[in-house]
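A.B. asks: Have a look at the structure that comes next, please.
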There are 10 protein chains.
Amino acid sequence: NSSLPNQEENRTVSEENRGLLETFENQHPNRDYEIEISVPEFTSVCPKTGQPDFGTIHITYIPEALCVELKSLKMYMQAYRNQGIFYENVTNVILNDLVECLQPRWMQVRAEFTPRGGISSTITVEHYSETPPDELTVI
Amino acid sequence: NSSLPNQEENRTVSEENRGLLETFENQHPNRDYEIEISVPEFTSVCPKTGQPDFGTIHITYIPEALCVELKSLKMYMQAYRNQGIFYENVTNVILNDLVECLQPRWMQVRAEFTPRGGISSTITVEHYSETPPDELTVI
Amino acid sequence: NSSLPNQEENRTVSEENRGLLETFENQHPNRDYEIEISVPEFTSVCPKTGQPDFGTIHITYIPEALCVELKSLKMYMQAYRNQGIFYENVTNVILNDLVECLQPRWMQVRAEFTPRGGISSTITVEHYSETPPDELTVI
Amino acid sequence: NSSLPNQEENRTVSEENRGLLETFENQHPNRDYEIEISVPEFTSVCPKTGQPDFGTIHITYIPEALCVELKSLKMYMQAYRNQGIFYENVTNVILNDLVECLQPRWMQVRAEFTPRGGISSTITVEHYSETPPDELTVI
Amino acid sequence: NSSLPNQEENRTVSEENRGLLETFENQHPNRDYEIEISVPEFTSVCPKTGQPDFGTIHITYIPEALCVELKSLKMYMQAYRNQGIFYENVTNVILNDLVECLQPRWMQVRAEFTPRGGISSTITVEHYSETPPDELTVI
Amino acid sequence: NSSLPNQEENRTVSEENRGLLETFENQHPNRDYEIEISVPEFTSVCPKTGQPDFGTIHITYIPEALCVELKSLKMYMQAYRNQGIFYENVTNVILNDLVECLQPRWMQVRAEFTPRGGISSTITVEHYSETPPDELTVI
Amino acid sequence: NSSLPNQEENRTVSEENRGLLETFENQHPNRDYEIEISVPEFTSVCPKTGQPDFGTIHITYIPEALCVELKSLKMYMQAYRNQGIFYENVTNVILNDLVECLQPRWMQVRAEFTPRGGISSTITVEHYSETPPDELTVI
Amino acid sequence: NSSLPNQEENRTVSEENRGLLETFENQHPNRDYEIEISVPEFTSVCPKTGQPDFGTIHITYIPEALCVELKSLKMYMQAYRNQGIFYENVTNVILNDLVECLQPRWMQVRAEFTPRGGISSTITVEHYSETPPDELTVI
Amino acid sequence: NSSLPNQEENRTVSEENRGLLETFENQHPNRDYEIEISVPEFTSVCPKTGQPDFGTIHITYIPEALCVELKSLKMYMQAYRNQGIFYENVTNVILNDLVECLQPRWMQVRAEFTPRGGISSTITVEHYSETPPDELTVI
Amino acid sequence: NSSLPNQEENRTVSEENRGLLETFENQHPNRDYEIEISVPEFTSVCPKTGQPDFGTIHITYIPEALCVELKSLKMYMQAYRNQGIFYENVTNVILNDLVECLQPRWMQVRAEFTPRGGISSTITVEHYSETPPDELTVI
Ligand SMILES: [Ca+2]
Ligand SMILES: [Ca+2]
Ligand SMILES: [Ca+2]
Ligand SMILES: [Ca+2]
Ligand SMILES: [Ca+2]
Ligand SMILES: [Ca+2]
Ligand SMILES: [Ca+2]
Ligand SMILES: [Ca+2]
Ligand SMILES: [Ca+2]
Ligand SMILES: [Ca+2]
Ligand SMILES: [Ca+2]
Ligand SMILES: [Ca+2]
Ligand SMILES: [Ca+2]
Ligand SMILES: [Ca+2]
Ligand SMILES: [Ca+2]
Ligand SMILES: [Ca+2]
């Protein structure tokens, strides 16, 4: 469908999207701790069918020097609303953008998409700076 | 029951089914990440009783070079609708077919069948290429 | 209560029960995989009070050469309907009978009984042939 | 509050309570297996306020030579009905009494108390004889 | 917004808050055991927007010589009602205050905040005295 | 199946079962009020297949002069354990027996049976003495 | 799609399907009572797309002289497995067939279909012989 | 069991219990409105077995001139802790006591008791002053 | 915000949207029956803030001569994706458009919107042709 | 407690609170329709104990000429944060304020408060202009 953004445009758009992210200084950098953020109202467009996709994005990270500002994250997520991008790609791109901005010790992005044709998909991607830190045990 | 496909036919059918699967290129092959797919409307036929079986198939994998295209996976699953095949067999055959097509770093197929005679069954099968990769922790 | 079977009879009955179990050949013996079976309508009789007991039996195993046939398993479970046997004992006896018939690589029996006097009990028993196999990760 | 039992009385009461516990012989001592018991209707009295406390006690153990008889356990639990004892203390005392009677290979007592002042508390205590046994995996 | 406490005031307030915490002696110090406390009605004020924040605070710890008295903990939590403090900060401050008062062997604070702008956040922070103790297995 | 009780025997058995029911005097006969009783562990035998049936029986009534004694009701329900009787029939027979014993102002019996062949059934039967009373509103 | 049955064939098929239904005599015809039957594994084919449809069919009725035999109902439902028929139509046809066979005092068929394109549908149809009977109150 | 209070004592005790109830003035008497109160931690003693009973008491009423003070209601409920009284009786007695104190326009008491011998009971009793008011519709 | 469509444009847009709806003939017009349709992935834009709104639209109707075609309904719903329209207005407009197209005997539109600023809203609107038909009882 | 607002102040405060409410014009006044609004994060202060109260306020109404603007409603609700007011009173006052502002055809306020001393309360109040309108059936 020619009205949809192609992959080339996509790369450009991602750089634009990334510019929306803002950070604030981690006030407790000497301690490993986990921040989990859930964004239940994510929507983008399927590049193949032009149909809207819907999902929930879960971001979990151990901050280094910076934390993501939540209102800017919301704006960043809304920037995908009318962009054509596949499930696997958008999950990796969101991780890449957040890692670029925050340089976290560890980060995971998990994207749960609603069913299409009766089939539902979830993509989970992880990043860590050097060696994986000992993750906190959620009891 | 002579109207049901025998095991011999079954093997042939599986090769036909496998031909329905299509793939697309993994755009992030340098990173281990997990793709989970749930197919809640799987149905086949019990070779012994001729009665329909119903279940949910969960597929999880870490892609190497290829990912499975979801619409083709749906067609592949529908191909079992009128085929006679037992629980343990169909779960292993689905894993075999997907491994043959995708050559993933790791893959698990989990098939949860609805009760028959008050008894419900779930079959879980795993494949990994050489050594099992360090699986992602879903937090 | 003299109308209840004693432990001696119990042993005999178990041998009779075991005779009800039938098996079929594992078609994928070269691969470790898990079979989970849930039997929600188990009932037996308390040897002490003569009152009926009710519970759900969960069987999980990694087959070697044989799998249990589900209809015969149902008949085996129904054979306890009017037999007097305690919680801890019946769970171990079911494991023993299934291990004797199937010689699995690994097997667990978990019996969840409904409350008696406001108190509910669950018994979990495991068997493995030599060394415990690396169990499959249910994701 | 002078109408409440003090800690000294408490110790005496515990010895009396412990006398209510009865055991039966473990018929499968050669095998490590787990017994889980839930007592949802536990109630005692707060020594500070004189107000009733309510909770659910979960006991899990791997028996050595003896198992606890359930009706006697119920009587033991009811003995706390009008005794003044704090959360942390009663959980440890129940574990101590059961360990004294059963000498289990491993035992855990988990006491979940209902909210007081909008705040709910859970206490978890464990005992093992020498080295902690390899606990059974509940799948 | 000039009517909100600044970070400087914040530090002072925390010292005042900490003074509200009271302790009692751990009666079973020779045994590692876990105390979990849930405070579902936590509320503070966002320093940026002046809007109220709401959340549930989960505290889990292995006591050394002291346990926190629950009524004083409730008063401590209520002291944040009209204080301006960010999510990440308040979670770390609560852990710091409790560690200062109790000197526990291990402690985790997990703060689950309700959605703002459709986005929900959870912060998890841990402290241990020297080496992390072998945590209890919640079965 | 010749080993199963026929309908003729059934009628006789019902009279025997009914003899198990005991009553106590309603202490508040001047007021319409509702008594709901749930029996989750009902089991009988299918006269056609010889297979056990399982279900939950809900009894609701407005007493006149008599209430049913719960322990005798339990014995009455257990009397069906090895009797062959169909769903529709046993629900009506239980209502008939209770009406005969209690002569209530109004009574409903609702029997929810577990699935057979993937199909679950619920039977609901009502009795009232003369005109249906104004039922209580459960708010 | 020319391989799908047309509406003309559909009518013929329905007559064939209806022939599968068997009945048994209502043993309590002098009393209005309700029979609810749930068939969770209904599947047919969409005449427009050729894709399988899945749903749960709930049948509720007050019998006159006849009740539907459950095994024959299962066979009747399975007859739709490879037939092309729309949601609204199949719900009305099932009601028509059951009314023709049972001549019930009142009957309702409620068909809940799983989502297609993210949209789920439920169709509810009722029949009564002359005047609607006073329905039983499910308490 | 001679240590249990008899019915005669029971009547006396009820008068004592009733004395614990306190009221406050309804500030909006010109409007019909509903007050629902749930007491989840009710416990008394079975006069027949001496065993503790547990339940949740739901009180709903439309006040006339007076409302019940909640702390006094809590004390009133705790007064049953060691009193022997049957399910049907305690529900009616609670209604009687509250009606005597509050003279409400309408009141319902619904007592849900936990299972005994696998059987659970709920008792629902209503009072209204003259004609039943038009109850509020909870939407 | 000048980039948002004004109410005038809104009216025009609605006429365009309505043109997307397609119908098919009701094959059972002589019978009152209910069609319920749930659209869980509705999204539009708040005219005041420019922020996206999300909700689930439930449509229930009794058809006269026409039923709405589901794929066209999906396209109709997607047309609101980038239109600025308030909660109350969009619910009434959807009802108006569907009534104009289908001329149903009765129709209800219920729109459940996700929380904004911690507050969630649901709008319910009904239409009936002349007198409200006797609605079907969903049992 | 002298630091708490007395009833006299309360009345004044309510007038101040009411001034926070803003309205917008109902665009569909010729049709009866329902607007439901849930405010889950309501908090005020108990005038007797000085302790914070927490609850969820559900508002449902059929508008006449005006609808309540949601952001102003949020500000109105937050105004109670540090005001001392009892459950029954605040529910009636909220209804009075909204009725004064909106003059709705019908309105219900339902306030569900979290447990205090283990006891939870819900207050439901209704207003209608002249005769109660035929409420919409939520299906
Ligand atoms: Ca850890
Ligand atoms: Ca994983
Ligand atoms: Ca990891
Ligand atoms: Ca593994
Ligand atoms: Ca374990
Ligand atoms: Ca293991
Ligand atoms: Ca451990
Ligand atoms: Ca009722
Ligand atoms: Ca009434
Ligand atoms: Ca009904
Ligand atoms: Ca009725
Ligand atoms: Ca009501
Ligand atoms: Ca009303
Ligand atoms: Ca309806
Ligand atoms: Ca009707
Ligand atoms: Ca209506």
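The values are calculated or read from the model by the stated rules, or taken from the named source; none is laboratory data. These numbers were taken from a predicted model, which means no experiment stands behind them. As a convention, Cβ positions derive from the backbone with ideal geometry for all residues, glycine included, and neighbour counts pool all protein chains shown.
A.B. asks: Can you find a residue that is under 14 Å from the mean Cα position of the chain (by Cα), within 11 Å of chain A (Cβ to nearest Cβ) and under 20 Å from D:F113 (Cα atoms) anywhere in the stretch E:61-73?
C.D. replies: yes
A.B. asks: Among the residues of the stretch H:50-61, is there at least one that is more than 20 Å from F:D32 (Cα to Cα), without any contact (Cβ under 8 Å) to a residue 24 or more places away in the chain and within 16 Å of ligand 9 (Cβ to nearest atom)?
C.D. replies: Taking every residue of the stretch H:50-61 in turn, none turns out to be more than 20 Å from F:D32 (Cα to Cα), without any contact (Cβ under 8 Å) to a residue 24 or more places away in the chain and within 16 Å of ligand 9 (Cβ to nearest atom).
A.B. asks: Tell me whether the stretch I:87-99 contains one or more residues that are part of a loop (DSSP other than H, G, I, E, B), away from ligand 7 (no atom under 16 Å from the Cβ) and surrounded by 18 or more Cβ atoms within 10 Å (Cβ to Cβ).
C.D. replies: Checked against the condition, which is being part of a loop (DSSP other than H, G, I, E, B), away from ligand 7 (no atom under 16 Å from the Cβ) and surrounded by 18 or more Cβ atoms within 10 Å (Cβ to Cβ), the stretch I:87-99 yields no hits at all.
A.B. asks: Please find, among D:T43, D:T49, the residue that is in contact with a strand residue (DSSP E or B) (Cβ under 8 Å, 6 or more places away or on another chain), more than 10 Å from chain C (Cβ to nearest Cβ) and more than 16 Å from ligand 11 (Cβ to nearest atom).
C.D. replies: D:T43
A.B. asks: Which members of the stretch F:97-112 meet the condition of being in contact with an Asp or Glu (Cβ under 6 Å, 6 or more places away or on another chain) and facing chain G (nearest Cβ under 10 Å)?
C.D. replies: Taking the stretch F:97-112 first, the residues in contact with an Asp or Glu (Cβ under 6 Å, 6 or more places away or on another chain) are F:103-105, F:108.
Answer for the stretch F:97-112, where residues must be in contact with an Asp or Glu (Cβ under 6 Å, 6 or more places away or on another chain) and facing chain G (nearest Cβ under 10 Å): just F:Q108.
A.B. asks: Go through the stretch B:109-123 and give me each residue that's modelled with pLDDT of 95 or more and either part of a strand (DSSP E or B) or within 16 Å of ligand 6 (Cβ to nearest atom) (or both).
C.D. replies: B:V109, B:R110, B:A111, B:E112, B:F113, B:I119, B:S120, B:S121, B:T122, B:I123
A.B. asks: Does E:Y128 satisfy the criteria of being modelled with pLDDT under 95 and either within 16 Å of ligand 14 (Cβ to nearest atom) or more than 7 Å from every other protein chain (Cβ to nearest Cβ) (or both)?
C.D. replies: yes
A.B. asks: Checking B:P40 against (1) within 19 Å of the chain's Cα centre (by Cα); (2) not in a strand (DSSP E or B): exactly one of these is not met. Which one?
C.D. replies: B:P40 satisfies all of (1) within 19 Å of the chain's Cα centre (by Cα); (2) not in a strand (DSSP E or B) except (2).
A.B. asks: OK, next. Kindly check whether there is at least one residue in the stretch H:76-98 that is in contact (Cβ under 8 Å) with a residue 12 or more places away in the chain and within 14 Å of J:I119 (Cα to Cα).
C.D. replies: Yes, some residue in the stretch H:76-98 is in contact (Cβ under 8 Å) with a residue 12 or more places away in the chain and within 14 Å of J:I119 (Cα to Cα).
A.B. asks: Those residues that are within 16 Å of the chain's Cα centre (by Cα), modelled with pLDDT under 95 and within 30 Å of H:Y87 (Cα to Cα), I need them from the stretch F:1-33; list them, please.
C.D. replies: Within the stretch F:1-33, F:S14, F:E15, F:E16, F:N17, F:R18, F:G19 qualify.
A.B. asks: Next question, about the same structure. Here are J:I123, J:I35: which of them is within 14 Å of chain H (Cβ to nearest Cβ), away from ligand 12 (no atom under 16 Å from the Cβ) and crowded, with 19+ Cβ neighbours inside 10 Å?
C.D. replies: Result: J:I35 is the single residue among J:I123, J:I35 that is within 14 Å of chain H (Cβ to nearest Cβ), away from ligand 12 (no atom under 16 Å from the Cβ) and crowded, with 19+ Cβ neighbours inside 10 Å.
A.B. asks: Would you say I:R81 is away from ligand 7 (no atom under 16 Å from the Cβ), modelled with pLDDT of 95 or more, on the phi < 0 side of the Ramachandran plot and more than 11 Å from chain G (Cβ to nearest Cβ)?
C.D. replies: yes
A.B. asks: With (1) modelled with pLDDT of 95 or more; (2) within 16 Å of ligand 8 (Cβ to nearest atom); (3) farther than 30 Å from B:I119 by Cα as the list, and F:D134 as the residue in question, which single condition is left unmet?
C.D. replies: (1)
A.B. asks: Could you look through the stretch A:82-128, keep only residues that are over 30 Å from A:P29 (Cβ atoms) and among the polar types (S, T, N, Q), and pick out the one that is nearest to the chain's Cα centre (by Cα)?
C.D. replies: Only one residue fits best here, namely A:N89.
A.B. asks: Of I:G55, I:G50, I:G84, which residue is more than 16 Å from A:T43 (Cβ to Cβ) and either within 16 Å of ligand 6 (Cβ to nearest atom) or of a type in the set (G, A, S) (or both)?
C.D. replies: Just one listed residue meets the conditions, I:G84.
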